[in-house]
Each structure stands twice: as structure tokens, then as C-alpha cells.
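First the structure, in the form of C-alpha cells, and then the observations on it.
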């Protein structure tokens, strides 16, 4: 079979198998798969340099299906390269199958989960950045995008960033099949509309007929000749290509074909071709940065420092000790103090500008290649990337996030800058770790611990200086807590700024003869259930105080820990919408300060 | 004083007052204010048609400071038009002052809160859409954007949407001062870089020297001549313009000037000019759509329907009854069934394509003008707009959100499409209402109730059909619950799909002689504390079951309600990352099905 025939047959096989898999499943997206089958056939046959037998080869190209609903096509491609058997292909979407409705890294050839549109390209930017600046390897990052998802702002963040960073190792294949889920896209088949946008962002664009195998071949060859610009291949395609009943017609999104047998016949019947992808050249070893042995910063008890500043110092020190640590920031590095890392490790620092989605996505891309990525911005603005964090958990990504400027304690800047929902949001991420230090030494230890954590970890830091209350050698295991003051009458639970308020409240209560136990709940998730239960057993009840809305934060973490062994809990949290003011004024107004804590403690003791 | 002199003096006054306000506050962003002072002076003097004495005049132009940190400039402008006294200006950022660190609608001339960058323009798109298609009034929407925030994908969603919708009533003033918080922006003073991007999206662009009053005048006059395209005025400016110590220099972002007195002197000293803005022509009355009197849909008990479908039917019926109801969707209207509204009220339906940030922002813009906006997409994808929802609460916006496809019960599509964090995320929004119906009639009543709610309300709906268990005339007050089965041994609490599992569990338990009370907690926030406490008093304990991660959802809402009156609670929720499968398989695997609920109930009864 000559190459043209082979590719044509392979493309039809990918279509047939997409139909077969979705028909077997009784759901899925065959028509969205069929539009991109020719693009995939040519990619597999000669262009993608990916050793499917060694998915961990650092030199492998990366392939991301940003249009994750085209999973039937991806899995059919996995069958065509011999990575998945036909039997397994037909388990698509079954309980227990690795061939999930949308791709996840449960399969070794899938880098990241997709299915929330507009995420693949920004993650691809992260991988391309890793290739250029961290791994320093010539792998390419191929991202298959749908045209509908070009409406997502995150895609434009990626276009902008890739253009600015001249990522010519990034190739976006835009499958312009003109039809979305419910109707035509904004631009239909107007390839020039997409081209103008991408070119404005500094991309090279190639417009082709996405069903013309020669044009595809020519576009790929052209794209592979790097000229300092990322490449967007704009392919005019037909949704459902090859099956007249559905081709280029509305109403067939996300449905198995009604007449699968006839469709397979129209596509020329079942085939069983195998294609061998190109292997990357050599056994490239990823670049490793020098690893030193410096100590971690240490602070004297009684001095004052903002935990965000301790974060920056800790991260810079961690960068000395570990060559795999990288940092990203959303153009606020002088607020998050990630600038301390930037200044000492500029080769491993990434300025992501004010594009939090791209920032988190880039970190996800980098951790695919094993880099230990810390991304930071104001905690309030991490909410901008919440869907990316949610998906990162499904990607089984190891991702470290730092959010500064927590709560009303930031003071004058007002509510737009106050994170008051971040604990709830990050607790509700699968497998996450949520940490909230109250002093500089604790911050340092937690930052160091984060580097070794798997999954999504989140560190909440504060704007204002707080006294150092722990010695530098104190240990803070994730999932632990500290009983910073013993007492048997009542328990006060705080973290961050409210831990200091709880200590003040304990002083006040002590002067009244009430002995309060104070627990520093620096690990909000996982939470130290044992210490909390002991407090519930040994004291009249617990007062929780948090610089956060009442829902989903520290107080509810405590309540969940005590669900099996209930005890009276008085939950203090921010109830009313704050304005501007001095931190102490706002803590007082929110009734999460020492006075409010002491008042609730007295209620518990006397009840 | 001739006009040129007046404008020049006015601009200097705005600068001086920005310096004075931030100096009085000891914080704030004077340099970011000074770059745009000339743009504002000319806007106030002859172009902005806004009656400050009647901020509720429907015909008023709208002015949004997307770069909300330039609040000193905005408040100085309010002083210049006589809306704010000089004394009040100097209360900037003080506790209790309406002049907060970033603008909020606590001031009647501020439509929406800003301060999270990249939100003003997409909200402006919503207002411009309202002007064109709902109010049908010729007001203009002026949005002052920073250049740093152009990196936010949400800005590009806005550019894309405004171009596509030909919103020539929208004028973006881009203050290109080239300096971000920590360093230069991506494009510096390259106005053509921005122009190319905006033009590609269908905008008209005008490039000017942002300190040349004649060029500004000419640009505004030009922009006011509508030609079917939105207009971006790209103004090259200097950050800190007018004060040599800081002008066009890095290191002065977000700080009051070190030498304010000298700066004021360099700016020509304090002035006390007043400017009269143009009033809009006439007393325009906003368009009101016909309001009929149709009934709400009703469903027979025992039939089966997905709550998402009931949503669509209810919304369409609500649209018949109320001319102020509008609907927006993120290109999934055949999944959320907002297509039923679209089909019956196409003039009030807005297709926002796959751009969830723009969708929520547009709804926020429309509600500024009093429209009762419902926005819908998959619940998982609302997480994309979480920062917009957070900010909408600070904007005191009335916003109705519907998220479909909740939890593992969606089945085959897999985790990327499963909302499992939405209850936590939306509970942790200030003043929010979180509703989660289990049948079609309940859904209808809750949708109708949402139309009258203030603040952010969120309705969680399910993909699969569920039996109708309530009669059509049943009432479901927000903040209430339903005891759907009485029993004194143990209490089962569910909502949505788990309510049905709880009913099945109660059947099983009954056959074993255990009388279970079943509570339908359709109002997750506010929650029916009284009914829950009564259950805690009258039964051995509560089993909660939710199709959600364990954090921040139904279970913790129950625990919070019982914090003062603790009772044993067994919280069932999704613990492990799900894959694909049939809904029943996934409910079983997650141990939130009837069997798991019954097992926990037995434990409680026997303990």
C-alpha cells in the first residue's frame, strides 16, 4: 500500500473505530472525532515522535487532545499504534475501563485530563515552556483544538503567551468543523478569522483543507521547520466527515450514530491497520539544574514577618537545594514575594503576566515533565483558575499553589482583593492539601513539605506581618496541628491571623480564670481529627475562628472531624461584606478577633 | 477659561486629588490614576452623558473602571462633578467610608465592583447588549481598561463577543502606560500590538497620545460616530504622568507618593474646578417586554423527568409571565434546556458561546439595568467563572445561575463533566442561595422563586431523569426543607439524586423495623436549621448523603446547622476520583447510594 492509500485507509479506520467505540458505549462524540481523523492519521504516520512503548521517554513529543470529547478518535489512534487492543477499545465508557468518556492520565500516553474546553492549549504552553527552558529538549507539543473552544479566554491567554515566548515547539491543530454542540460557531469556516487572531498574537498560521492528506502533510512539514513562532494549523473540516447522514449537519453532537452499521459500510468497513509512530532521536536525558545544599531560612521568635514574605524566602532557599523546583507568578511577584525566587533562580522563574488560567495551566504542563512547580498570586485571584485546578486534580497533577492576601486582614484594599472563599474552594478539590500558616518558621516548613506532596496543595498566606511564635526547628507535619496553649475549660481553634487572635483571647480568658486550650490548625486538609476529638472530650467545647466566609473553611473542617464525636462548636467567621479599613478594624467588625473569640468561649464555659 | 485650558486644569486637578486621596489613606494607586487623568478629564467634559443627580436615569451612559485600582481617579472625578465632597474624598480607604480601596456599588454611580482585573470589559459587554437588545436605548458604555489586564483571557472573550455582536455602543479606553505592578507589560507602548488583536476581533481602533487633549477629543468624537463596530481607543500614556519623581518609572505601583507636597506643587497645586457632565437626552423609559399570565409547568407524580429539563420548561414559562426575564447560555442550551426559553423568547436569549466568564459577566451587566438574568451551563464549567461570581457578590448583583450535570450521577462522560465541588464553591459566595431540587415540580417552584431573590442564587440540576414525588402545587420556600417521610429512629438527609437513594434506603430500613425520617434538603443555603435540629433531638442521628466531594457541601451545611446542638452525623460523599460508568454503578462505587445510606443508618441506630 502506498503512503497516500495507507493514510487514507488509516483515517477511515480511525473513523470506523470512533463509530464502533461510541456505538458500543451508547454515548460519546463520534462526529467530533471524524472531523479530525485525517489530521490524526497523518500525524501518527511520520510526524508524531512518540515511543508508545516508552511513554516516559523524556524526548517524546506530547499530544494533547484539548477537544477531549474527541476521545473516541484518541483511543482509536491508540489502537492503531498498538497501544490498546480492539477489545479494550470497545470497553469505552464502561465502568472500570481506562477508556473514560474524556481522556485522563490513567492511560500512560495521556499527559493531562481534558474535557473542560480551552485547557489543552494553555497546558501545551506549559509543556512547550518546559521543553525550551527546563528540559531543554527538542520535543514538540501537538495540541488538537476544537473551533468551539476558541471562544474560551484561556485559549487566547495561551495564544498570547506562546507568541510572546516564541514557542516554536508548539503546534496547534485547529479542527474547524464549524459546528458546536448547539449551533454554528461564531466564525464558521472563516479560517482567516482565526488566522488573523493568531497572527496578531505572534503565531505563524497555515490554512488547509483538513481532509486533504497532502495539504496536511505539507502543513506538518512546514510547521516542523521552526522559525521562532508557534504554529496554528487551521484545518477546514466537516463534523461527521465520511458519513452522509451526519456529515456537516447540526443535531449530531455527542451522540452515537443512529445507523452505525450503514455508517461503517459507507466508511469502507472495519480495518485493522497498524501504524508505527516515529521514535524520538536518542535517549535524551532531561536537563537538571544544579542542586545545592543550603539551609532553609530561620526566624527569631518574637520578630515579625508576613507569611507571604516567608514563602518567598523559603521558595528561594528550596530552589537552592532542589534543581527541580520552578516558580510561576501572575505579575504580582513583589506581593507574593516569589520575586525572591526570580532573583536567585531566574532560569526557573516564569512570569505569566495577569493570566491566572495560563499560569496554573503552565504549572500543570511543567509537572507533566516532572518539574516541581509552585504558582503564586493573590489568593482571591486564584479563583480565576478554579476550573483549571479542578481539572488538574483529575489530571493527577502535582501542583503547588500559593495564595497571598487572605481575608479581611488585608485591610484597606477592600473586598475585591480579599480571599474569603479560598479555603472552601481548595478543600473541595479532590485529594487536595490545604495549609494556612500563622508564622514565618511554620511557613518555611510547610513550603518545604509541599515540594514533596502529591496532588494539589494550597498554601494560604497573609498580607500583614505577624509575630514569629515557633522556633525554626519546629516540625509541622501535614495533617497535624499544634496545641500552642494547654487548657481544660474550653478550646480555641484558629489558623493564620486568627491563631494570634485566639492567643490574645486565651490571655484575656486566663485573667478571668478560664483556661483555654489553643489549637493552631495550620493543616486545614487533611485535618488533625485526633487532636480535635481530644479537645472535644476534654473541654466544654470549641470556638473556631477564621478569616473566611462561614462556609467550607476551617470551622466546617472542624465540624466534619467531629461529626462522629459531636461537641458544642461556636463557629466564628466573616458574615457581612467587608469594606476597607485597618486590619484590626475589619477583624473586629467581622467578629473574628480576640474579643469575639473570648466572648464565645465564655458562653461555652458557662453553658 | 477656554475649553483647552479648562480640560488641562481639570486633568491636573484629578491628578492632584488622586495624590491627595492616596496620601491621606496611606495606600492606594496614584500613579495608575495619573496616567488616565487626561482621558477622564475630556470624557467628563462633554462626552459622558451621565446625570450624576439621577444615577437611576435609564438613559444614562455607563462608566466602568475595569482597572479598579485607579479608584483615586474615579473618586476625584466624582468630586469634580460635584457628587462627592472634598472632605469625603479624603476618607478614601478609611473604615466606614464609601470610597473603598477599589470601587463598589455602595456608591450610586458605580455599576459594579472592580478590582479583579479583566472583568470590567466583559461586564461592559453585558451592559452594551442590554442597551442594544433589551433596553433599546442609545446609552454608551465606556470602560477604562489597564494595559496589564489585557493579558486576561476574559478581556479577549469580551473583545470577541463585542465584535461578533457589533456592539458599537461600547467604547474601551485602554490606558497603555506600559508598566504593570512588577515590570513592563508584554507589549509595552506597542499600540499596534493591541490594535491588531482588537481589529482581528472586529473592533475599530484609534491610537492616540493619551496626554494630548486634542487627540483625546478627536478620538471620542470619532468613537461616538457608530459604524457597527465597538471601539477601542489605545492611549499611550505615562504611569505617574505629571510628577517627575515617578513618571514612567518602575517601583511606584500601588504606593502613595513619597513626596506628595512636592508632587502637588509640580502638578500646579490644588484646584477646585467643577465640571458638568452632559445629561442624556430625554427621560427614556426602558423597553419592557410583554408580560403574560401563563401558568407554570406541572408534572404528574410518578412520571420521570430530568430536573435540567424542568428548569428549561420553567424558565420558558417564567419568560411568558415576566417580561424582564432573560436567559444566557454557554453553547450547551440543548443540555441545560435553556433552548426552551430561546425557542419561545429569542429576543431575550443570549448565546454566549463557550465563554463562561463572559456569560456570567454579561448577566452581571444586564442586571445592572434591572434585567432578571438566568445564566446556565454545565455546573462543572461554572467553575470557570468563579472569580466573576465572587466579584458579582461584591457588586451586590442579583444573578441566577443554573448548573446542570451534577455529580457522579451523570455517568459515562467521566469526571471532567461532573460537578463535585459546586456546592462548596457557591455556598462560599457572600449572601448566596444554593438550591438543589430532586424532582421536576420542585425545580419549577425553585426557578420561579429565584426570579425574586436578591444576590447570587445557584440551582444545581441533574442529568438523568428522576421520578416526580411532589404534587405541582407543593410549595418550597427558600431556606426550607421537606420531611418526605416520618420516622423516629434515625434521619436520612439527601437532596437531588441522593434524596431518591435515601427514600430507597428508608424502604429497606422499614423492612428491617427501622423507622427512618427522610429530609429533602433542597435548600442547601440558607439551610433549614430548625428541622435539622428537631431531627437531631428526636432521632439517633443523621446520615447525610451527597453527590459531591465531602468538603463544603450538604453534609457540612448540616453540621454547621447543628454546631450549637451537636448530634451524631454520618456524612456520605464522593471520596475517590470517579471514572466513567453507569450512574448506578458510580453511585454505588462512591457509596452514596441506598445501600450505603442504609448501612450508616443501621450503625447509628445500633450505636
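Once both axes come from the Cα atoms, what is the angle between helix A:529-538 and the longest principal axis of chain A, in degrees from 0 to 90, rounded to 10?
Once rounded, the angle reads 30 degrees.
Give me the tail of P(r) for segment A:307-467 as a percent: Cα-Cα pairs with distance above 24 Å.
Values: 2831 of 12880 pairs.
So the pairs more than 24 Å apart make up 22 percent of the total in segment A:307-467.
Going by average Cβ neighbours within 10 Å, how do the peptides B:227-236, B:52-61 rank, with the highest at the top?
Descending packing order for the listed peptides: B:227-236, B:52-61.
Any chance you could give the angle, 0 to 90 degrees and rounded to 10, that helix A:153-164 forms with the longest Cα principal axis of chain A?
80 degrees
With viscosity set to 1.567 mPa s at 4 °C, what whole-number translational diffusion coefficient in µm²/s follows for segment B:91-153 from Stokes-Einstein and a Kirkwood radius over Cα pairs?
Values: Rh = 13.3 Å.
The calculation lands on 97 µm²/s.
Determine the principal axes of the Cα atoms in chain A, then give the extent along each, sorted from largest to smallest and rounded to whole angstroms.
91, 48, 41
Using 0.36 nm times the number of residues separating residue A:225 and residue A:303, minus their current alpha carbon distance, what extension gain do you get?
Numbers: separation 78, 0.36 × 78 = 28.08 nm, distance 5.70 nm.
My answer for the length gained is 22.4 nm.
Taking every DSSP beta bridge that has both residues in segment B:428-579, what percent is antiparallel when rounded to the nearest 5?
Percentage antiparallel, nearest 5: 25.
Which percent, nearest 5, of DSSP beta bridges in chain B are antiparallel?
If I count the DSSP bridges inside chain B, around 15 percent turn out antiparallel.
Short version: what are the Cα gyration tensor semi-axes of the protein assembly as shown, square root of 5 times each eigenvalue, largest first, in whole Å?
41, 40, 32
If you average the alpha carbon positions of segment B:388-413 and of segment A:537-569, how far apart do those two centres end up, in angstrom?
Cα centres, segment B:388-413 to segment A:537-569: 27 Å.
Can you tell me the order of A:140-153, A:159-172 when each peptide is scored by its average per-residue count of other Cβ atoms within 10 angstrom, highest first?
A:140-153, A:159-172
Along Cα→Cβ at 7 Å, what distances in nm separate the residue B:577 label point from those on the other copies, shortest first?
3.8
Report, for residue B:347, each distance to the same residue's label point in the other copies, shortest first and in nm; define the point 7 Å along Cα→Cβ.
Spelled out, the distances from residue B:347's label point are 6.6 nm.
Taking the Cα atoms of segment B:3-266, report the difference between the largest and smallest coordinate on each principal axis, in whole Å and largest first.
48, 40, 35
Mind jotting down the distance between the C-alpha centroids of segment A:61-117 and segment A:210-253, whole Å?
20 Å
I need to check one value: relative contact order of chain B, counting alpha carbon pairs closer than 8 Å and at least 6 residues apart, in percent.
Once normalised by length, the contact order is 12 percent.
Compactness ratio of segment A:179-264: Cα Rg over 2.2 N^0.38 Å, N = residue count?
Expressed relative to 2.2 N^0.38 Å, the Cα Rg reads 1.31.
Working out 0.36 nm times the residue gap between residue A:86 and residue A:533, then minus their Cα-Cα distance, what length gain in nm do you get to one decimal? Could the numbers behind the result be given before it?
Numbers: separation 447, 0.36 × 447 = 160.92 nm, distance 5.28 nm.
Gain on extension, residue A:86 to residue A:533, equals 155.6 nm.
Segment B:184-322: D in µm²/s via Stokes-Einstein (Kirkwood Rh, Cα pairs, 37 °C, 0.692 mPa s)? Display every interim value, and only then the final one.
Numbers: Rh = 21.5 Å.
The Stokes-Einstein estimate is 153 µm²/s.
Write down Rg/Rh for segment B:48-154, rounded to two decimals, with Rg from the C-alpha atoms and Rh from the Kirkwood relation over Cα pairs.
That ratio equals 0.97.
Considering only the label points, 7 Å along Cα→Cβ from Cα, what distances in nm to one decimal separate residue B:9 from the same position in each other copy, shortest first?
Copy-to-copy label distances for residue B:9: 8.7 nm.
Can you give the calculated 222 nm mean residue ellipticity of chain A, where each DSSP H run of n ≥ 4 adds -39,500 (n - 2.57) and the sum is split over every residue, rounded to the nearest 500 deg cm²/dmol?
Counting only the DSSP helices, I get -10500 deg cm²/dmol.
How many angstrom lie between the Cα centre of segment A:285-341 and the Cα centre of segment B:288-344?
53 Å
What number results when the radius of gyration of segment B:482-606, computed over Cα atoms, is divided by 2.2 N^0.38 Å?
Against the compact-globule rule of thumb, the ratio is 0.96.
How would you classify segment A:30-93 from its alpha-carbon gyration tensor, with a ≥ b ≥ c the square roots of the eigenvalues: rounded for a/c under 1.5, else prolate if a/b is greater than b/c, otherwise oblate?
oblate
Can you pull the mean other chain C-beta count within 10 Å for peptide B:562-570?
Numbers: counts 4, 15, 7, 2, 10, 2, 4, 6, 2.
Mean partner-chain Cβ count within 10 Å for B:562-570: 6.
Partner chain Cβ atoms within 10 Å, averaged over the residues of B:546-558 - can you pull that number for me?
The mean count of partner-chain Cβ atoms within 10 Å per residue comes to 5.
Given a Förster distance of 35 angstrom, what is the FRET efficiency for residue B:166 paired with residue A:249, based on the Cβ-Cβ distance and rounded to 0.05?
With R0 = 35 Å, the Cβ-Cβ based efficiency is 0.80.
Provide the gained length on full extension for the span residue B:192 to residue B:347, in nm with one decimal, where the gain is 0.36 nm per separating residue minus the Cα-Cα distance. The partial results should precede the final answer.
Values: separation 155, 0.36 × 155 = 55.80 nm, distance 3.68 nm.
Working it through step by step, the gained length comes to 52.1 nm.
Tell me the Kirkwood hydrodynamic radius of segment A:547-586 in angstroms, computed as one over the mean inverse distance between distinct C-alpha pairs. Before the final figure, lay out the partial values.
Working: mean 1/r = 0.0853 Å⁻¹.
Every distinct Cα pair counted, the radius reaches 11.7 Å.
Quick one, can you get me the convex hull of the C-alpha atoms of segment A:66-222 expressed as volume per residue in Å³?
Normalising the Cα hull of segment A:66-222 by residue number yields 127 Å³.
Over segment A:436-533, what per residue volume does the convex hull of the Cα atoms give, in whole Å³?
92 Å³
Over the alpha-carbon set of segment A:430-481, work out the extent along each principal axis and list the three values in angstrom, largest first.
33, 24, 18
Residues of B:180-191, mean number of Cβ from any other protein chain within 10 Å of their own Cβ, rounded to a whole number?
Shielding by partners across B:180-191 averages 4.
How do B:248-254, A:188-194, B:566-572 rank on mean C-beta neighbours within 10 Å, highest first?
B:566-572, A:188-194, B:248-254
Where a number appears in this text, it was derived from the coordinates with a stated rule and is not lab data. Bear in mind that the values here come from a model prediction, so they are computed numbers and not experimental data. Note that we place each Cβ from the backbone using ideal geometry, even for glycine, and neighbour counts take in every protein chain shown.
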